[in-house]
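The values are calculated or read from the model by the stated rules, or taken from the named source; none is laboratory data. Since the model is a prediction, treat every value here as computed from it, not as a measurement. Here the Cβ positions follow ideal geometry from the backbone for every residue, glycine too, while neighbour counts run over all protein chains shown. For the accessible areas, the whole protein counts, side chains as well, though only heavy atoms, and no ligand, DNA or RNA atoms are used. Shrake-Rupley method; radii C 1.70, N 1.55, O 1.52, S 1.80 Å.
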Amino acid sequence: MHKSLIPIHFLLLTTFSFATYSQERSVFVGTWQGYVQYQAAISGAIVPEAHAVELSAVRIEADGRIKGASIDNGCSFLGLTKPGPINTILDVDLTLSGCTYAGLNRRYNGNIAYYKNDKNAVLSVTSQKAGGGTHEFYDIKATLKLIK
């Protein structure tokens, strides 16, 4: 019986491509700071106790890891980034935990975009849950400056 093997050069290229970001994407690597807005809506109704605008720090590593925290509302996040459709965008998959409003503690997807002229990045992630006659929508947005 003949088994198909993955060529070693393919494995090396695949491993290397996830090891570090390209020169163009390296602009994302570092510590970012700014205000993060947290919002939630359930069945179209805004949830006031979820709404917060917090000074936060976000760290993006060269290997794609992202982590951060907002002290006042207790939210910490941890996740991964990967190259997006163009060099100035990273796709983001992160999970929030420890938030004072427990509904925010969940997995989010979205992106972070770098704006060279303004020297800032905009993070935008959402999470949705539908079922049982309700629809939950969670939204996190931030404008961040690199502080290294």
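Whole number in Å², please: accessible area per residue of segment 70-115, 1.4 Å probe, ligands, DNA and RNA not counted. Intermediate results must be reported in sequence, preceding the final value.
Details: 2320 Å² over 46 residues.
Here the per-residue accessible area is 50 Å².
Between Ile147 and Ser97, what FRET efficiency follows from the Cβ-Cβ distance if R0 is 22 Å, with the result rounded to 0.05? Intermediate values should be presented prior to the final figure.
Details: r = 24 Å, r/R0 = 1.08.
In this case the efficiency is close to 0.40.
List the lysines whose Cα sits under 28 Å from the Cα of Lys119, skipping any in the same chain fewer than 8 residues away.
Leaving aside lysines fewer than 8 places away in the same chain, those within reach of Lys119 are Lys67, Lys82, Lys141, Lys145, Lys148.
Under 13 Å from the 7 Å Cα→Cβ point of Thr134, by amide nitrogen: which residues of segment 69-104?
In segment 69-104, the label zone of Thr134 (backbone N under 13 Å from the point 7 Å along Cα→Cβ) covers 102-104.
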